[in-house]
Amino acid sequence: MPLFPNERNVRTTPEGLLWEPSERWVRGRKGDVTVVDSRHPVLVWEPDLPVPCYAFPREEVRTDLLRPAKNPPTGRHTGSQIFYDLEAGGALVENAAWTFPAADLAGHIAFEWFWRWDSGLDHWYEEEEEIFIHPRDPHKRVDAMPSSRHVQVEIDGTVVADTHSPVLLFETGLPTRYYVPREDVRLDLFEPTDHRTGCPYKGRAQYWNWRGEGEVPRNILWSYAEPLAAVSPVKGLLAFYNEAVDLVVDGERLPRPVTPFTKSLKP
């Protein structure tokens, strides 16, 4: 069954790929070299992968920088057989690009992004905005909404945050995240870490560890110092993994959700 049965623009290939044309101007760079400059990109969803990738018309790719891959990972991308190494900006990137074995996508080339294989281009842009990790899914929403709910966060019975002015972040497929003003968080109970992540919907995040005892996952607390414009209300606020802390919202203790992050949250 298609992921988006009500979307008329989404098509399915016999290989199980879902794809749709995009009207965004997309560019990708390696160092100072523009490798992709496309006004006709295609979004592609592979089976069992949670995020899309882009595929680009061959004529909008610097194919002169691509070489047949020396060590192709045959079958990685839904049975793809043709992979390319990239030589650009004084660097060689193995298996940076490939073509899908689908007639609908013939003449298109896709590129790796950092979220999965840690090999690809250095910078990607949609219009004039840099994007990170993977392309944004047009069928998902992220809304950051100021609220007056009473939110308390507990770790091992200790109240570490208590606020009446949170920002609630609603993201398709994930539990509501409660962003708390710094003055309402016991930040003295945490220490900053070197851990950093990027999100195509929110930006780049910094993290803190719990200083106390107990089996508390590392990097339990995070913040976006300079979030993307779409979620600007969370700027400088702090959020916890619902999966590993206890949340009390308007007097109701919430169950801990099970999400794709649950297994990766380790003390």
Answer yes or no: is there a residue in region 241-254 that is open to solvent by 70 Å² or more (accessible area, probe 1.4 Å), out of contact with any helix residue (DSSP H, G or I) (no Cβ under 7 Å at 6 or more places or on another chain) and in a strand (DSSP E or B). yes
Testing Gln206 on (1) open to solvent by less than 50 Å² (accessible area, probe 1.4 Å); (2) within 18 Å of the chain's Cα centre (by Cα); (3) not aromatic (Phe, Trp, Tyr), one condition comes back false. Which one is that? (1)
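Condition check ((1) touching a Ser or Thr at 6+ places or on another chain (Cβ under 7 Å); (2) more than 20 Å from Thr172 (Cβ to Cβ); (3) of a type outside the set (Val, Ile, Thr)) across all residues:
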| residue | (1), (2), (3) |
| --- | --- |
| Gly214 | no, yes, yes |
| Asn219 | yes, yes, yes |
| Glu226 | no, yes, yes |
| Ala230 | no, no, yes |
| Pro233 | no, no, yes |
| Ala244 | no, yes, yes |
| Asp250 | no, yes, yes |
| Pro260 | no, no, yes |
Options Arg24, Arg76, Arg67: the member that is at pLDDT 95 or above, in a loop (DSSP other than H, G, I, E, B) and assigned by the TED database to the domain that holds Gly120: Arg24
From the options Leu105, Leu65, Leu121, residue that is more than 30 Å from Val180 (Cβ to Cβ), in contact (Cβ under 8 Å) with a residue 40 or more places away in the chain and touching a Lys or Arg at 6+ places or on another chain (Cβ under 9 Å): Leu121
For Glu94, the lone unmet condition from (1) of a type outside the set (A, V, I, L, M); (2) closer than 30 Å to Glu23 by Cβ; (3) open to solvent by 50 Å² or more (accessible area, probe 1.4 Å) is (2)
Would it be correct to say that Arg62 is in contact with a strand residue (DSSP E or B) (Cβ under 7 Å, 6 or more places away or on another chain), open to solvent by 40 Å² or more (accessible area, probe 1.4 Å) and within 25 Å of Cys199 (Cβ to Cβ)? no
Can you tell me which of Val167, Val151 is of a type outside the set (Asp, Glu), in contact with a His (Cβ under 9 Å, 6 or more places away or on another chain) and modelled with pLDDT of 95 or more? Val151
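The values are calculated or read from the model by the stated rules, or taken from the named source; none is laboratory data. Remember, predicted model here, so these are calculated numbers, not experimental data. All Cβ positions, even for glycine, are placed from backbone atoms using ideal geometry, and neighbour counts span all protein chains on display. SASA here: full protein model, heavy atoms, side chains in, ligands and nucleic acids out. Shrake-Rupley method; radii C 1.70, N 1.55, O 1.52, S 1.80 Å.
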